[in-house]
Amino acid sequence: MSDVESIFVFGGAEIYSQALAAALPDTLLISNIPGHYGCDTFLDPIPSTYRLERTSNHKHGTVMVRHETYVRDFGKE
């Protein structure tokens, strides 16, 4: 058994997609920043095997950020 308790995956979109495809994360910590930023790369939709557990909103300067925590629902696999 490993001594590692937590592993965090930080993307780009490709790293995120690979982690989800391999069913690695048990928990997803997602930050949503409202607005239009001229982006050309987006994350894949969150798979239905995850359920939204909690949300919180925090203001950082003048920007409101929504933090979402999704947990893997092992019953849906």
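Of all the residues in the stretch 22-77, those that are farther than 17 Å from VAL9 by Cα, among the aliphatic types (A, V, I, L, M) and assigned to a strand (DSSP E or B) number 4.
Listed by first and then second residue, the pairs linking a residue in the stretch 30-43 that is loosely packed, with under 10 Cβ neighbours inside 10 Å to a residue that is in a strand (DSSP E or B) and not hydrophobic (A, V, I, L, M, F, W, C), with Cβ atoms under 9 Å apart and 6 or more places separating them unless they lie on different chains, are PRO34/ARG66. Touching a Pro at 6+ places or on another chain (Cβ under 9 Å) and modelled with pLDDT under 90: does that describe VAL4? Here the answer is no, as VAL4 does not meet what is asked. State all residues of the stretch 44-77 that are among the small types (Gly, Ala, Ser) and free of Cβ contacts under 8 Å to residues at least 24 places away in the same chain; if no residue qualifies, say none. SER56, GLY61, GLY75, listed by residue number.
The values are calculated or read from the model by the stated rules, or taken from the named source; none is laboratory data. Since the structure is predicted, the reported quantities are computational estimates derived from the model, not experimental observations. Cβ atoms come from the backbone with ideal geometry, glycine included; neighbour counts cover every protein chain shown.
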